[in-house]
Amino acid sequence: DDVPSLRGAIGNVIARCMQGDPAYPKRAITKAQLDAMVKATNAWARSGRIDATSNLKKQRIWLFHGYNDGVVKYPVSNAAYDYYMRFIDPSQIFYKDNLKAGHAQITDDCGEGQSVCNLCPHTGGNFLNQCQEGASNVSYDAVGSMLQHFYGSLEPKNTTNEPAGKIIRFSQREFARDGTGAALPIRIAMAEDGYVYVPDACSKGEPCRVHVALHGCLQSADKIGNAFYEHAGYNEWADNNHLIILYPQTQATLLLGVLPTNPQGCWDWWGYNDSPFHPSGRYATKQGLQIAAIRGMLDRLSAKQSAVTPASATTSASGAPTGLVVGDFTHQQVGLRWDSVAGAAGYNVYRSTAAGGPYGEAQRVSAQPVARTVFVDYKVDPTTKYFYVVRAVSSANKESADSGEVAIVTAKTPPTCDPFFSLQKNTAVTKNNKPTTETCP
């Protein structure tokens with residue numbers, strides 16, 4: 001029941017896992033292939049090459065796809081969503097897919113005079129874009145949505161112009177070892193140096209968590225300098241929430257037969273490090289060279305530290321949940337979060353189409369009591385007004401009173417778009433591979 005190598009020719013990788021370059025006609029990800037990926041994942045878990053897939057049931061996933069993204073097309077992002085659905089309850093997966101963004105990290109930290117960011121539909125440059133939500137002029141905070149989907153409600157981010165922590169450069173050499181054990185980062189397409197953002201509270205020894213932020217292709221420090229690790233949007237949230245942000249770095253490599261083929265400085269998501277310095281089929285397992293390097297960095301940061309579970313806001317054991325908010329929404333999902341209740345065994349989520357309810361059993365949208373204080377309602381319609389309340393559930397299955405009620409009008413369905421991007425020309429193109437500046441509105 002061994003898992004075959006997942007490596008393939010770069011053309012096949014572009015055609016199937018990206019699908020947006022007309023020079024490489026797309027190859028669909030079929031249900032049979034998705035079944036094979038799930039089978040491979042389970043086989044890796046049984047053999048110990050990765051941890052048990054049952055651990056995924058405790059995780060929350062945040063996915064993003066902008067509808068002007070012609071690099072990684074919509075069907076590929078949908079396949080990722082479908083893959084996670086095989087392991088995780090969909091109420092734990094938020095999929096933001098209704099912004100007109102190009103292929104980019106969406107941030108609202110654009111530097112002096114907005115100098116770092118592209119316009120929302122653009123692809124290229126630093127691959128850092130600023131987008132507005134709906135018809136408002138409010139910048140969409142992708143990192144804020146993502147972090148609070150993972151961790152629950154956080155303290156407000158630092159909105160001053162000055163960070164309250166420090167970016168520290170460190171050597172990746174001791175962590176980035178090739179298949180022979182040699183400390184040569186370039187041999188696995190990693191840079192000599194990485195970066196870590198340490199808030200002031202963490203540098204003073206207060207308990208902190210670590211969040212790993214991986215840059216995209218063409219986004220490493222040797223390509224765009226400090227743009228990603230200073231302006232991707234993480235550091236502002238880290239300041240007030242005891243979060244250390246780790247920014248490992250790749251390096252572009254192209255010296256056939258000597259170095260991995262990685263001209264755009266991507267992370268190893270298709271197996272380029274499995275040859276010639278490491279046996280094939282390991283890049284996405286515990287034995288993956290870059291995965292092992294990042295794990296080593298995390299071990300160093302957490303050395304002599306105990307696990308951290310920062311306290312969240314609570315009410316009394318018999319009280320109703322407080323702080324219910326709509327954290328984010330699309331045309332087909334609503335993401336909710338609330339403060340925890342001391343002693344609660346779980347929470348039931350209710351939805352109505354009328355203010356004040358009713359909120360009976362027919363309106364309950366959580367199939368089972370929710371263990372954590374984040375929930376994604378994935379069965380909503382576009383441009384529809386919904387009302388929500390949450391109730392704490394005791395170990396005896398008794399419900400509290402209602403939380404405060406929140407309301408939201410879901411987004412309109414995004415336009416049907418079919419963007420393309422030429423990797424060789426480094427520009428948006430038509431399906432006939434002709435350069436274009438046209439985007440979906």
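The values are calculated or read from the model by the stated rules, or taken from the named source; none is laboratory data. Since we're looking at a predicted model, the values are computed, not measured. Glycine also receives a Cβ, built like all others from the backbone with ideal geometry; neighbour counts cover every protein chain displayed. Accessible surface is based on the protein model in full, side chains and every heavy atom, while ligands, DNA and RNA are left aside. Shrake-Rupley method; radii C 1.70, N 1.55, O 1.52, S 1.80 Å.
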### Message
Using only the alpha-carbon atoms, how far is helix 74-85 inclined from the longest principal axis of the chain? Give it as 0 to 90 degrees, nearest 10.
### Response
60 degrees
### Message
Return the unpartnered cysteines for the chain, using a Cβ-Cβ cut-off of under 4.7 Å.
### Response
C17
### Summary
Heavy-atom accessible area of S153, protein chains in place, probe 1.4 angstrom, given in Å² to nearest 10, is 50 Å²
### Task
Enter the accessible area of D200 (Å², nearest 10), with the probe set to 1.4 Å and all protein chains included.
70 Å²
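What net charge is computed for the residues neighbouring D141, neighbours being all others with C-beta under 10 Å from the C-beta of D141, Lys and Arg scored +1, Asp and Glu -1?
Working: positive: K157; negative: D108, D109, E133, E236, D328.
Cβ neighbours under 10 Å give a net charge of -4.
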### Query
Which residue, chosen from T353, A428, Y378, occupies the Cα position most advanced towards the positive end of the dipole of the stretch 350-441, where the dipole is computed from +1 (Lys, Arg) and -1 (Asp, Glu) charges on Cβ about the Cα centre?
A428
### Query
Which residues in the stretch 100-118 place their backbone N less than 19 Å from a point set 7 Å from the Cα of S136 along the Cα-to-Cβ direction?
100-101, 106-110
### Message
Can you give me the accessible area per residue for the chain, using a 1.4 Å probe, in Å²?
### Response
48 Å²
### Query
How are the Cα pair distances of the stretch 7-50 distributed, in percent, across 10 Å bins from 0?
28, 37, 27, 8
### Message
Compute the angle between helix 289-302 and the longest alpha-carbon principal axis of the chain, please, reported from 0 to 90 degrees and rounded to the nearest 10.
### Response
50 degrees
### Query
In whole Å, how far is the Cα centre of the stretch 351-390 from that of the stretch 136-188?
33 Å
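All other residues with a Cβ under 14 Å from the Cβ of N348 taken together, and with Lys, Arg as +1 and Asp, Glu as -1, what is their net charge? If you can, show how the numbers build up before the last one.
Values: positive: R351, R364, R372, R391, K398; negative: E361, D377, E399, D402.
With Lys, Arg at +1 and Asp, Glu at -1, the neighbours total +1.
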### Summary
Dimensionless Rg/Rh of the stretch 137-265, both radii on Cα and Rh by Kirkwood, sits at 1.03
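Let a ≥ b ≥ c be the square roots of the eigenvalues of the Cα gyration tensor of the stretch 100-207; is it rounded (a/c under 1.5), or, if not, prolate (a/b larger than b/c) or oblate? The partial results should precede the final answer.
Working: a/c = 2.23, a/b = 1.43, b/c = 1.56.
Taking the square roots of the gyration eigenvalues as a ≥ b ≥ c, the stretch 100-207 is oblate.
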### Query
Dipole of the chain, Cα-centred, from +1 at each Lys and Arg C-beta and -1 at each Asp and Glu C-beta, to the nearest 20 debye?
1180 debye
### Task
Largest first and to the nearest Å, give the Cα extent of the chain along each principal axis.
67, 55, 55
### Message
Per 0.36 nm of contour for each residue apart, how much would the distance between R295 and D200 grow if the chain were fully extended, relative to their Cα-Cα spacing?
### Response
31.8 nm
#### Entry: Full-stretch length increase - D82, E192 - with 0.36 nm per residue and alpha-carbon distance subtracted
35.9 nm
### Message
Report the Cα-based extents of the stretch 1-111 along its three principal axes, largest first, to the nearest Å.
### Response
45, 35, 27
### Query
When Lys and Arg each count +1 and Asp and Glu each count -1, what net charge do the other residues less than 9 Å away from S77, Cβ to Cβ, add up to?
-1
### Message
Need one number: nm distance between label points at E174 and K379, each 7 Å from Cα along Cα→Cβ, rounded to one decimal.
### Response
5.3 nm
#### Entry: DSSP loop trypsin sites (Lys or Arg not before Pro) with at most 12 other Cβ within 10 Å: longest gap in the chain
1-203
### Query
What is the Cα coordinate range of the stretch 60-108 on the first, second and third principal axes, sorted by size from largest, in whole angstrom?
29, 24, 14
### Task
Can you send over the solvent-accessible area of L423, 1.4 Å probe, protein chains only, in Å² to the nearest 10?
50 Å²
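Could you calculate the FRET efficiency of R372 with M37 from 1/(1 + (r/R0)^6), where r is the beta carbon distance between them and R0 is 22 Å, rounded to 0.05? Before the final figure, lay out the partial values.
Numbers: r = 27 Å, r/R0 = 1.22.
With a Förster radius of 22 Å, E is 0.25.
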#### Entry: Fraction of accessible area attributable to carbon and sulfur, the chain (%, probe 1.4 Å)
52 percent
### Message
With angles folded into 0 to 90 degrees, how steeply does helix 31-47 sit against the dominant principal axis of the chain? Use alpha carbons for both and round to 10.
### Response
90 degrees
### Query
Is it possible to state the helix-based mean residue ellipticity at 222 nm for the chain, with each DSSP H run of 4+ residues giving -39500 (n - 2.57), the sum divided by total residues, to the nearest 500 deg cm²/dmol? What is it?
-5000 deg cm²/dmol
### Task
Work from the charge dipole of the chain (Cβ charges, +1 for Lys and Arg, -1 for Asp and Glu, about the Cα centre) and give the residue of V38, A292, I168 farthest towards its positive end.
V38
